[in-house]
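First comes the structure, then the notes that go with it.
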Amino acid sequence: MTDLSWLTARPVAHRGFHDMNKTRWENTLSAFNAAAERGYAIECDVHLSSDGIPVIIHDGDLQRLTGQDGFVWQRTAAELTALKVGGTSDHVPTLQEALDLIDGRVPVVVELKGVPGRDGGLVASVGKMLKRYKGKAAIMSFDHWLIRDFSKHAPGIPGGLTAYGKENQLIEAHFAMLAHEIAFTSYAAGDLPNRFVGFVREKLKMPVITWTVHDQPAVDLTYRYADQMTFEGFEPDLVKVA
């Protein structure tokens with residue numbers, strides 16, 4: 001089993017260490033640098049541009065983050081990186097730009113955002129990029145069709161399931177993804193505890209991180225039922241307090 005102790009060794013800054021989009025916005029180079037300077041691991045979200053380049057942005061729609069109409073998949077990487085985020089001096093970055101900036105200082109967890117029919121090559125592109133990267137990195141996704149491609153198109157890169165819910169239908173769908181060689185899971189903190197997370201931690205010894213932690217009750221839930229948190233809106237200690 002691959003050693004993923006680095007994945008749970010420090011809190012993970014959700015979309016970088018931003019200030020809830022007041023002056024330092026999510027998923028920007030400024031937020032990633034702020035996280036790295038503080039020693040936090042970094043979670044970021046990746047879509048595929050129209051010319052097949054992984055770019056970092058959470059929403060498929062451009063409006064909230066850039067004020068522009070349309071979708072990420074309709075624009076080239078050059079067009080996307082020309083857009084400013086939240087009216088700041090930060091632009092929409094490519095994944096390569098972020099990796100160059102972080103430069104192995106802290107681990108990176110890349111969440112792949114699927115768009116059915118528009119994401120062909122996303123897993124392969126990110127996998128190839130991370131294979132060359134010298135730092136610690138992992139990939140994850142909510143999208144089962146992308147996860148099914150992890151072992152084929154991103155071999156050697158730890159892959160995870162991003163998930164939520166306590167309902168039986170959701171839990172059973174999560175269990176089905178264990179057939180696809182996932183190495184960890186990132187689970188909604190408010191949905192702990194549940195039998196899926198209990199099984200993968202206790203029986204499979206698989207690391208579990210949580211999302212997205214904003215307050216002390218969620219911190220407490222995380223460290224009771226999981227191994228590490230993905231946080232935003234506050235500055236946690238680097239030392240995990242169980």
Taking the Cα atoms of segment 120-242 alone, what are Rg (to one decimal) and Dmax (as a whole number) in Å? 14.9, 41
Name the residues whose placed amide hydrogens come within less than 5 Å of the amide hydrogen of ARG24, ignoring near sequence neighbours (fewer than 5 apart) on the same chain. ASP19
Given R₀ = 25 Å, FRET efficiency for ASN21-LYS128 by Cβ-Cβ distance, to 0.05? 0.20
At 1.4 Å probe size, with the rest of the protein present, what percent of the exposed accessible area of the chain is carbon and sulfur atoms? 51 percent
Using the Kirkwood radius built from alpha carbon pairs, what does the Stokes-Einstein equation give as D for the chain at 4 °C and 1.567 mPa s, in µm² per second? 72 µm²/s
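So if each residue of separation counts as 0.36 nm, and I subtract the Cα-Cα distance between PHE199 and GLN68, what length gain in nm does that give?
Roughly 42.8 nm would be gained on extension.
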Give the accessible surface of the chain per residue, rounded to a whole number of Å², with probe radius 1.4 Å and ligands, DNA and RNA excluded. 44 Å²
Just to confirm the filter: which trypsin sites (Lys or Arg not before Pro) across segment 159-242 are DSSP coil and have at most 12 other Cβ within 10 angstrom of their Cβ? LYS203, LYS205
For the chain, what is the calculated [θ] at 222 nm in deg cm²/dmol (nearest 500), taking -39500 (n - 2.57) for each run of four or more DSSP H residues and dividing by its residue count? -7500 deg cm²/dmol
Karplus couplings for segment 27-35 from phi (6.51 cos²θ - 1.76 cosθ + 1.60, θ = phi - 60°), rounded to Hz, Gly and Pro as x? 6, 10, 4, 5, 5, 5, 5, 4, 5
Run the numbers for ALA9 and GLU235: contour at 0.36 nm per residue of separation, minus the present Cα-Cα distance, in nm. 79.8 nm
Overall Cα dimensions of segment 1-145 - principal axes, largest extent first, Å: 42, 35, 23
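The values are calculated or read from the model by the stated rules, or taken from the named source; none is laboratory data. Treat the numbers as computed from the prediction; the structure is a model and nothing was measured. Note: ideal-geometry Cβ built from the backbone for every residue, glycine included; neighbour counts use all protein chains shown. Surface accessibility is based on the protein's heavy atoms, side chains included, excluding ligands, DNA and RNA. Shrake-Rupley method; radii C 1.70, N 1.55, O 1.52, S 1.80 Å.
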